[in-house]
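First the structure, in the form of structure tokens, and then the observations on it.
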Amino acid sequence: MAVEPLSQKEIEDRLAELPGWSVDGDRLTRSYRLGSHFAAAALVVHIAGIQEELDHHSDLTLGYHTVSLSVNTHSAGGAVTDKDFALARRVEDIAPGHGAH
Ligand SMILES: C[C@H](O)[C@H](O)[C@H]1CNC2=NC(N)=NC(=O)C2=N1
């Protein structure tokens, strides 16, 4: 099934449901802060599993006490699509369990 780029209005509506996330250029992004480097690494591994399950992969950056995601949809020409928001929603659901904020 083809994945279509979202309109600006569709992006704004979806962002309203995902506090902490923003669209920067053509990428959906969020950074989390965690209590330790190992906690951040564990969140990265958990997100990697979700990304494999969804077959949709962000650029995922592990910092000292931080994890940052940046994602768009390659198959839609690098636009933001519902696949990006589906990944963001799944990450939001598990991040608090890692103490991420
Ligand atoms: C073959 C495989 O389904 C594709 O390459 C997937 C993998 N992960 C992906 N991740 C992202 N962010 N965009 C894609 O279009 C994409 N496509």
Using alpha carbons only, how many degrees (0 to 90, rounded to 10) separate the axis of helix 37-54 from the longest principal axis of the chain? 30
Summing -39500 (n - 2.57) over every DSSP H run of at least 4 in the chain, dividing by its residue total and rounding to the nearest 500, the 222 nm mean residue ellipticity is -12000 deg cm²/dmol
Report relative contact order for the chain in percent, whole number only (criteria: Cα-Cα under 8 Å, sequence separation at least 6). 35
If you take the beta carbon distance between Val44 and Ala16 as r and set R0 to 30 Å, what does 1/(1 + (r/R0)^6) give as a FRET efficiency, to the nearest 0.05? 0.65
Please identify the GluC sites (Glu not before Pro) of the range 1-36 that satisfy two criteria: DSSP loop assignment and at most 14 other Cβ atoms within 10 Å. Which are they? Glu17
P(r) of the range 32-101 over all Cα-Cα pairs, 5 Å bins starting at 0, rounded to whole percent, reads 4, 18, 30, 23, 15, 7, 3, 0
Near-label residues of the range 1-18 by backbone N, under 18 Å of a point 7 Å along Cα→Cβ of Ser75: 1-6
Between the DSSP loop rule and a limit of at most 10 other Cβ atoms within 10 Å, which chymotrypsin sites (Phe, Trp or Tyr not before Pro) in the chain are left? Tyr64
Kirkwood hydrodynamic radius (C-alpha pairs) into Stokes-Einstein, the range 1-68, 10 °C and 1.306 mPa s, D in µm²/s: 117
Which angle between 0 and 90 degrees, to the nearest 10, do you get for helix 82-94 versus the longest principal axis of the chain when only C-alpha atoms count? 20
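The numbers here are math on the coordinates, done by the rules we state, and not lab data. Predicted, not measured: the structure shown is a model, and the values here were computed from it. Virtual Cβ from ideal backbone geometry, glycine too; neighbours counted across all protein chains shown.
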